[in-house]
Amino acid sequence: MTPFLKEVAQDLVAKFGDDLQYCAIVFNNNRPATYLRKYLADIIQKPFFSPSIYTIQQFFSGSVQEKNADFYLQFFTLLKVYNQLLADEGLLPMKSSQFFPLAKIMLSDFAQIDNDLVDADKLYQEMEEVAEINLEFDYLSKEQYEFLAQFWQSYSEGKHKKQQELFIKMWRRMPKLYHRFHEELKAQNYITNGRVYRQLAGTDLTALDFIKSFEKGKIIFVGFNALTRAEAKVFTRLQEADKALFYFDTDAYYVEDELQEAGLFLRKNLHQLGLKNVFETHNHTFSSEQHLVNVYKVQGQSAQAKILNQVVEINEDVDEEIGTTAIILADESLLMPALQTLNDEIDLNVTMGFALASSTVFGLADLWLTTQLELKENDKVTYQTLEAFVTHPLTGLSAKLKSNIQEALLKDNVVNVDLARLQKQGGIFEKFYHKVDEPSGLVSELLDVMRFLLTRLSSQKSLKKIDADLFVKTIEELTRLNDTLKDFVQDEEFHFVVQLIQKSLQVVSVPLSGDPLKGVQMMGLLESRNLNFDNIVFLGFNEGIIPKTSIGNSFIPDGIRRAYGLPVLENLDAISSYMVYRLLQRAKNINFVYNSLTDESNTGEVSRILKQLEYESNFKFNYSALNLPVSTAPQQAIEIDKNDENIQKALKRYLSGEKVLSPSALTMYISNPIDFFFRYIAEIKEPEEVTAVIEANQIGSILHKVMEYFYENEINKEVTPEVIKLKRKGIKQMVAKAFNLVMTNKEESTLEYSGMQKVILAIVEAYAGIILNRDEADAPFTILSLEEKISTELEFELNGKKEQVKLFGFIDRVDERNGVVRIVDYKTGGDKLTFSAIEKLFDTNGKSINKALIQTLIYTYAYERQSGRAGVEPNLFIVKTMADGKVHFNSRKLVLSDVYLEEVKPIFLEELQAKIAELFDVNVPFRASQVPDNYSYSIYKTLFGV
């Protein structure tokens, strides 16, 4: 089938010949111009002067003298005028950040009012009483009147809520705001797009120099559908003046049938406005030609793209100058999944472009803006922001430098890094972390940073082409933005200017490489206007996406919009239907793909347009479903065989004394042997990170350090209640000192404590108080050692052979009271003092493991061997339960001290030796405990299949 633009090209050449150079051709968008030029070249087949080709916006803008005002100029002008109106009413001005969301809606409404030539004064005027509606709108039809009366019914009772009253007051300002806004722009020789439309609609077009420049030819409008009132008036006048020709792409199927919404606007153009289509006869391809339609139901949003390789064929035998296959993204968020799915062999051209917001270049610019917000607060940068910069792929930092910085961050655990420390690093750090004090300098400084990074990466030859293109686009946008904003943002809020820059960069996109004519074309639905393809794939063809269910935010209610003929939801239905039907009428193979999953953002239903086609057309439909079954493999117990050569080597390092076993390592093995393998054999450690959050184990570390500070000068001295009371006066300083050491590795710190950190300080102080209360009651006693290092051998029998391992650890405190030496272990968690039987402590698949008891008894055994003392007693100071006065372990009302303790010690040693023998027995694999509670806090659960 002959494409629409080829038909247009053939007719233009036949009509104008060499005089085509004097014509202007106007499209709705840029994309068709490339195709038309190609068709003209193929037909003429010799050098020729091309006609002038414009988009409708370019054509209209060229007809006026004023410059086009961009969004930011419009916003700041609107803000200025609005605050002047507030001042006239004796009200305080609005902040830019508060006004910004309102301004976007207002400007959109103003544009629609101008595009459709609506009287702004009448639209915004007060209409609280039905009588006033009758008086002011007596020319309206009964239906229009009912729309207005229905809307104002709730406002005519005088019982307005505060929000309604504020809304009405704002609406009363609208007429003045509308007129003053345009006057203010005109005084600066600027104009909005909507105002251009209104101005041209009320102008003698034939007198304009721009229009006169095409006197030897015609102004040719190609492929238009829905027209604003301003466009309709301009088109009609140009036709009446014999200045214009119109090429409408039509098909009798939807134009001649009054019930087909796809032809709604074409019928209006042809029959109501009287615009003449050069192609007087409608096409009949929609109903007369064969169309094969495949409908694919897919479960999942991104999964829709997975079907592309099945429906997009690689035709290597045909050297097509113009591609015949298009992927139409009804849902443009599917761009990245589609790009990632398509085979590399497919010659692809993406007309939509790659969004800067999805790139690492935007990430770097956004990171710089975030950094400036942090520096504005207190000349510090959070560790998260710094780490994001260091690890960012576009900083060009060496792997060694990245590693050194990350290690320093972990070592110091500095949550907020001083600006001066960063700038001392020089180079890229000095440039990136240059503080901007005034909002007016943000854009220019970011511009310098991006240029610096582009030069740096280019010199390193480490920049990909797409990133280079994105850098250039970013620099172009920032240059434009700098020219626009520099006169407006001197007195603006810092964070608001940052938001403006972020929003401006988010809408930037870069065209991806590819031939704009050859190969498979990937585009949005709007970009497909005027184009035709033999093979079409629609992705994201869901109800709610096409057609859309919202016309966008507006202060003008639906009833008012209908009364004044402004766009309403039904217009979107008609526009979407036409764009789809127009593509289908010349296509041979059509594929619709939609997401059948229902969630908060998707109905799971295919578009009503497809349903309508199925019901009304004679298309042949084939339905397929791409099911992605979700199944879980049965859980299998993972066992690690110790006969592995590397595991054997690791275990032998313990037997040779090269490595030592700590009590915590042994309790890990007892509770869940496979955890021991991952931690101590495979040496898989939990990644360290800088954090401002105090973990439970860090609270314990701080408390341990506090108690060490408290008694460090009392070793080998008798500690009396009076000594404790006297030293308690300095407990706050000790807590702060211990906190600083644990969190930053420095006892002295200028750290400003956050609210949560102050809570932690208070908790540790309270815990220390509980221990000291107990100590006062127990005094007098003598401190023998603090944080004493113990190291001793433990012999055991392994397969009939004597082996030994070295036990190593640190005892919190050893003291002597009433002739009894005590091992004191501080605990801040939920440890228990009770146990059932010594034998059950070592049962990996049992529920009676008491880690605290095992550790303190190991400390007791090791200390007795190392010091030569006997009768050493384990005590557990559990701060959460010490108030009841209990610090001794107990089993069935038997306290673990004196005679009972001495009975238990040899039994414990025997069980410990047996468990260690099991650890080194190659016939017993590492496996998970059968009791989930024994590994509930394991960081390795995902590794052993739980």
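Throughout, read-outs are computed from the coordinates displayed, never taken from laboratory work. Predicted model only: the values in this text are computed from it and were never measured. No Cβ is skipped: glycine too gets one built from the backbone with ideal geometry, and neighbour counts run over all protein chains shown.
Some points to look at:
- Per residue, the Cα convex hull of segment 830-929 amounts to 116 Å³.
- Orientation-averaged projected area, Cα convex hull of segment 692-762 (nm²): 5.3 nm²
- Helix 755-778 axis, angle to the chain major axis (alpha carbon atoms, nearest 10°): 10 degrees
- DSSP bridge orientation in the chain - percent antiparallel, rounded to nearest 5: 35 percent
- Straight-distance candidates among the lysines for linking to residue 727, with alpha-carbon spacing under 26 Å and chain neighbours fewer than 8 residues away dropped: 705, 717, 737, 746, 758, 789, 827, 880, 886.
- Taking amide hydrogens as placed 1.01 Å from N in the peptide plane, the amide H of residue 219 sits under 5 Å from those of 24, 244, 245, each at least 5 positions away in sequence or on another chain.
- In sequence order, calculated HN-Hα J values of segment 255-264 (Karplus, 6.51, -1.76, 1.60; Hz; x Gly/Pro): 7, 7, 8, 5, 7, 7, 5, 4, x, 4
- Residue by residue, segment 582-591 carries 3J(HN,Hα) couplings of 4, 5, 6, 4, 10, 7, 9, 10, 10, 10 Hz when phi is fed to the Karplus relation 6.51 cos²θ - 1.76 cosθ + 1.60 (θ = phi - 60°); x denotes Gly or Pro.
- Over 17 Å [Cα-Cα, segment 67-129], rounded percent: 52 percent
- Annotation: amide H of residue 606 within the under-5 Å range of 543, sequence separation 5 or more or interchain, hydrogens built in the peptide plane.
- In order through segment 93-102: 3J(HN,Hα) via Karplus (6.51 cos²θ - 1.76 cosθ + 1.60), integer Hz, x for Gly, Pro: x, 8, 6, 4, 5, 6, 7, 3, x, 5
- Cβ-Cβ distance of residue 716 and residue 392, R₀ of 56 Å, FRET efficiency by 1/(1 + (r/R0)^6): the value works out to about 0.50.
- Between the C-alpha center of segment 554-619 and that of segment 697-775 there is a gap of 69 Å.
- nm² value of the averaged projected area, convex hull over the Cα atoms of segment 873-946: 7.7 nm²
- Tilt relative to the chain, helix 442-460 - C-alpha long axis, 0 to 90 degrees, to 10: 80 degrees
- Taken about its Cα centre, segment 676-812 carries a charge dipole of roughly 280 debye when the Cβ of each Lys and Arg holds +1 and the Cβ of each Asp and Glu holds -1.
- Within segment 210-282, the trypsin sites (Lys or Arg not before Pro) that combine a DSSP coil assignment with at most 15 other C-beta atoms in a 10 angstrom radius are 216, 276.
- Note on segment 357-510: Cα-Cα pairs beyond 20 Å make up 49% of the total pair count.
- Long-range amide H partners of residue 592 with built H, under 5 Å: 294, 295, 296, 538
- With R₀ set to 25 Å, the beta-carbon distance separating residue 377 from residue 483 gives a calculated FRET efficiency near 0.30.
- Projection of the Cα convex hull of segment 314-412, averaged over all directions and equal to a quarter of that hull's surface, yields 10.4 nm².
- The structure-derived value of Cα Rg over 2.2 N^0.38 Å appears in the list [x] 1.53; [y] 1.32; [z] 1.02 under the label [y].
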